[in-house]
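Remarks on the structure that follows.
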Amino acid sequence: MCCTLTVAQEYRRKTTSVSLINYHFVWCPRYRRQVLGGPVKVRLETLVRETLAELDCEALTLEVMADHVHLFANYPPTLAPCEIIFRVKGRSSRVLRQELPNLRRLPSLWTRSYFVATAGNVSADTTRHYIEAQNRREQA
């Protein structure tokens, strides 16, 4: 089931700028192991949302599957995509490995790699439907 938070596609307005920046991220656990189910999935979703809130970001769609994560979110123009993903992956790895001992057997939770693509207001629905379809494909 997809965890759709909100679909706020309004422009971010600051004193000197107006922006609408959406990124679609995908990343995997080390060795593409299927360790993101059950309590790991629930805790990971919470950690991602908390980290995004700290960065003044808004998750539009978050989908955690057994062996990878899709995140489609709106971000301020002051953050580079690499800063966002490194904060999300770094914090989630540290906390999950502290709280769940079975994840400590991996040398690290996440690979260093990730996928990122930009998406504007026009393609936001298309991207969201793609991410939701990923979960249905995996369950079939």
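Ranking S19, A80, L60 by how far each Cα lies toward the positive end of the dipole of the chain (charges on Cβ) leaves A80 at the top. By the count of other C-beta atoms within 10 Å, a proxy for reagent exposure, H70, H129 are ordered fewest to most as H129, H70. Taking the average, over residues, of other Cβ atoms within 10 Å as the packing measure, peptides 97-107, 15-25 rank 15-25, 97-107 from highest down.
What's the angle, to the nearest 10 degrees (0 to 90), between helix 124-139's Cα axis and the longest principal axis of the chain? For helix 124-139, the angle is close to 20 degrees. For the chain, the longest principal axis of the Cα atoms and the long axis of helix 39-54 meet at an angle of about 30 degrees. With a ≥ b ≥ c taken as the square roots of the eigenvalues of the C-alpha gyration tensor of segment 25-140, please select rounded if a/c is under 1.5 and otherwise prolate if a/b is larger than b/c or oblate if it is not? Because a/c hits 1.5 or more and a/b fails to exceed b/c, segment 25-140 counts as oblate.
Using only Cα atoms, find the angle between the long axis of helix 81-99 and the longest principal axis of the chain, and express it within 0 to 90 degrees, rounded to the nearest 10. On a 0 to 90 degree scale, this one is about 30. With 0.36 nm allotted per residue and the present C-alpha distance subtracted, the A66-T126 stretch has 19.3 nm of extension available.
Any read-out appearing in this document is the output of simple, stated calculations on the displayed coordinates, not a laboratory observation. Everything numeric here is computed off the predicted structure, so don't read it as measured data. Note that each Cβ is placed from the backbone with ideal geometry, even for glycine, and that neighbours are counted across all protein chains shown.
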